[in-house]
Amino acid sequence: MTFDNLLYQTDQGITTITVNRPDKLNALNYDTVMELNEAINDAQQDRNCQVIVITGSGTKAFVAGADIKEFSQYSVTEARALAQRGHTQLCDLIEQSTKPVIAAVNGFCLGGGLELAMACHIRVASDNAKMALPEVSLGVIPGYGGTQRLPQLIGKGRAFEMIMTGGMIDAQKAFSMGLVNHVVEQDGLMLLCHAIAEKIMSNSTVAISAAIKAINANYQDGTDGYQVEIEEFSKCFATADFKEGTNAFINKRKANFPGN
Ligand code: COA
């Protein structure tokens, strides 16, 4: 898979997608968003991919936001299309991915970059990472789901403060607020993401997809997450993974899930 603004590599079940515009701190322009959409869709179809890791090129930035130069002259109509694209083609697509998506936050993670990271299922940060939603300093608000996902992750009061001040927080502060799951020194970032991915891959892929669907259902308007859980739970009983998982437990052996 080759892209102009991304690196894409699959190895031992893990697909790593690296936003690759280091001279622009990996800012998300139109082409990069569309390539990310293609890459994530490709990973969904790829039988060799079980877990997706998204990171940024270089040691300075994960993604420093949407490309400010590109959108600075947009009309209201163009802005609506920009936000709509960011939601449906990128962040919703990641959040609803049937495969787990881990953000390896390796530096500045700002604006659209933090919104991208928040759409991922798990976030791991390097100790030099800095996070903010600084959009109000540009006279705009977060437009890729930040006003919705940040309160979900850190609570309404803290989200109000982060969004209204636009202030940057470091990785430890992000960890203390529950915005990232782990903080690790930069050299160990991908190692830890791979260790988490490997642990996930030892479980049933089919069950993991069902769990993603059920957890997400809690955040969808008009959807009864408890009911989705009941449906997803019961559907598991018809799968070969369930037969294998329960059989392996009863026979005191390690499961070898056919769905993986
Ligand atoms: N959009 C477009 N270009 C960006 C960008 C963004 N969001 N963030 C960084 N860049 C570009 C800079 O314009 C610069 O390009 P240039 O060399 O052609 O001028 C390059 O990336 C390096 O950034 P620079 O600002 O020189 O690095 P720095 O170390 O001095 O500062 C930041 C780093 C992250 C503090 C600063 O780049 C910044 O504030 N970026 C914007 C963050 C933001 O508001 N994001 C939200 C957007 S919605």
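The values are calculated or read from the model by the stated rules, or taken from the named source; none is laboratory data. Given the structure is predicted, the values throughout are model-derived calculations rather than measurements. Note that each Cβ is placed from the backbone with ideal geometry, even for glycine, and that neighbours are counted across all protein chains shown. Keep in mind that these areas ignore ligands, DNA and RNA; they rest on the heavy atoms of the full protein, side chains included. Shrake-Rupley method; radii C 1.70, N 1.55, O 1.52, S 1.80 Å.
Zone of Gln172 (label point 7 Å along Cα→Cβ, backbone N under 13 Å): which residues in the stretch 102-136?
Within reach of a label on Gln172: 127-129.
Quick check on packing: order 216-222, 111-117 by the mean number of other C-beta atoms within 10 Å, highest mean leading.
Ranked by mean Cβ neighbours within 10 Å, highest first: 111-117, 216-222.
Under 29 Å Cα-Cα from Lys254, which lysines qualify once same-chain neighbours fewer than 8 residues away are excluded?
Straight-distance partners of Lys254: Lys99, Lys199, Lys213, Lys235, Lys243.
³J(HN,Hα) across the stretch 60-72 via Karplus (A = 6.51, B = -1.76, C = 1.60, θ = phi - 60°), whole Hz, x for Gly/Pro?
9, 9, 6, 8, 8, x, 5, 6, 4, 4, 5, 8, 4
Suppose all protein chains stay in the model; what accessible area per residue would a 1.4 Å probe give for the stretch 6-201, in Å²?
44 Å²
Assigning unit charges at the beta carbon (Lys, Arg +1; Asp, Glu -1) and nothing else, what dipole magnitude in debye, to the nearest 20, does the chain show about its Cα centre?
Dipole about the Cα centre, nearest 20: 580 debye.
Once neighbouring chains are kept in place and the probe is 1.4 Å, which whole percent of the accessible area of the stretch 205-250 is contributed by carbon and sulfur?
That fraction is 64 percent.
For helix 240-250, report the angle its Cα long axis makes with the longest principal axis of the Cα atoms of the chain; keep it between 0 and 90° and round to the nearest 10°.
For 240-250 against the chain, the angle is about 60 degrees.
Against the longest alpha carbon principal axis of the chain, how many degrees, from 0 to 90 and to the nearest 10, is the axis of helix 205-217 turned?
Value to nearest ten degrees: 50.
Counting only protein heavy atoms and a 1.4 Å probe, tell me what percentage of the stretch 6-201's accessible area is made up of carbon and sulfur.
52 percent
Tell me, how many Å apart are the Cα centres for the stretch 55-69 and for the stretch 178-249?
If we compute the Cα centre of each part, the gap is 28 Å.
Name the shape class, rounded, prolate or oblate, that the alpha-carbon gyration tensor gives for the stretch 6-201, where a ≥ b ≥ c are the square roots of its eigenvalues, rounded holds for a/c under 1.5, and otherwise prolate holds if a/b is larger than b/c and oblate otherwise.
Oblate is the answer for the stretch 6-201, as a/c is 1.5 or above yet b/c matches or exceeds a/b.
I'd like the orientation of helix 76-85 relative to the chain: the angle between its Cα long axis and the longest Cα principal axis, in ° from 0 to 90, rounded to 10.
20 degrees
So if R0 is 25 Å, what FRET efficiency would Asp31 and Ser209 give, r being the distance between their Cβ atoms, rounded to the nearest 0.05?
0.25
Taking θ = phi - 60°, what integer Hz values does the Karplus form 6.51 cos²θ - 1.76 cosθ + 1.60 yield along the stretch 143-157, in sequence order, with x for Gly and Pro?
So the J values, rounded to whole Hz, are x, 10, x, x, 5, 9, 7, 5, x, 4, 8, 10, x, 5, x.
Report, by chain and number, residues whose modeled amide H sits under 5 Å from the one on Asn128, excluding near sequence neighbours (fewer than 5 apart, same chain).
It is Gln186, by chain and number.
Apply the Karplus parameterisation 6.51 cos²θ - 1.76 cosθ + 1.60, with θ equal to phi minus 60°, to every residue of the stretch 109-115 and state each ³J(HN,Hα) to the nearest whole Hz, in sequence, with x for glycine and proline.
9, 10, x, x, x, 5, 5
Which net charge results for the neighbourhood of Ile40, defined as the other residues with beta-carbon distances under 14 angstrom from its beta-carbon, given Lys and Arg at +1 and Asp and Glu at -1?
-4
Take the Cα of Glu185, step 7 Å along the line toward its Cβ, and report every residue of the stretch 115-131 whose backbone nitrogen sits under 13 Å from that point.
Flagged as within label range: 127-128.
Have a look at the DSSP beta bridges in the chain and tell me what percent are antiparallel, nearest 5.
Around 25 percent of the beta bridges assigned by DSSP in the chain are antiparallel ones.
Along the positive direction of the dipole of the stretch 1-102 (beta-carbon charges: Lys, Arg +1; Asp, Glu -1; about the Cα centre), which of Gln89, Leu6, Ala79 reaches farthest?
Ala79
If contacts are Cα pairs under 8 angstrom and at least 6 residues apart, what is the relative contact order of the chain in percent?
Once divided by the residue count of the chain, the mean separation gives 15 percent.
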